[in-house]
1. For region 7-30, name all the residues that are surrounded by 10 or more Cβ atoms within 10 Å (Cβ to Cβ) and either of a type in the set (Ser, Thr, Tyr) or under 14 Å from the mean Cα position of the chain (by Cα) (or both).
2. For region 38-55, check the following and say yes or no: at least one residue is within 15 Å of the chain's Cα centre (by Cα), open to solvent by 80 Å² or more (accessible area, probe 1.4 Å) and basic (Lys, Arg).
3. Quick one: Lys70 ticks every box in (1) out of contact with any helix residue (DSSP H, G or I) (no Cβ under 9 Å at 6 or more places or on another chain); (2) of a type outside the set (S, T, N, Q); (3) assigned to a loop (DSSP other than H, G, I, E, B) except a single one, so which number is it?
Amino acid sequence: MIAAKITSKGQVTIPKKVREKLGVQPGETIGFEEKNGVLIVRKVIVTSPFDKWVGKLTHLKGKRSDDLVKEARGNDNSR
């Protein structure tokens, strides 16, 4: 067991071996979860709100943005 002391402010320095095992770096977030009387510490994986859009436009690969805009506007050449 690896032990750490709690400061008067309730802070704990996570031992280096534990940080390495979790793969956490300064500024990253860890989470605490209790299951069946056992406290679990995990690295919180932050996902980008843009992750859901990755790969959605692959069917447009190779097309020029100017052509896509013209197509969206209906190829109106009167401008």
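The values are calculated or read from the model by the stated rules, or taken from the named source; none is laboratory data. Please read these numbers as outputs of a predicted model, since none were measured by experiment. Cβ atoms come from the backbone with ideal geometry, glycine included; neighbour counts cover every protein chain shown. Protein only, heavy atoms only, side chains kept; ligands, DNA and RNA dropped before computing areas. Shrake-Rupley method; radii C 1.70, N 1.55, O 1.52, S 1.80 Å.
1. If the condition is that a residue be surrounded by 10 or more Cβ atoms within 10 Å (Cβ to Cβ) and either of a type in the set (Ser, Thr, Tyr) or under 14 Å from the mean Cα position of the chain (by Cα) (or both), then Thr13, Val24, Glu28, Thr29, Ile30 are the ones that fit.
2. Residues of region 38-55 within 15 Å of the chain's Cα centre (by Cα): 42-54.
From what's left, open to solvent by 80 Å² or more (accessible area, probe 1.4 Å): 42, 45-47, 49-54.
Filter again for basic (Lys, Arg), leaving 42, 52.
Within region 38-55, one or more residues are within 15 Å of the chain's Cα centre (by Cα), open to solvent by 80 Å² or more (accessible area, probe 1.4 Å) and basic (Lys, Arg).
3. (3)
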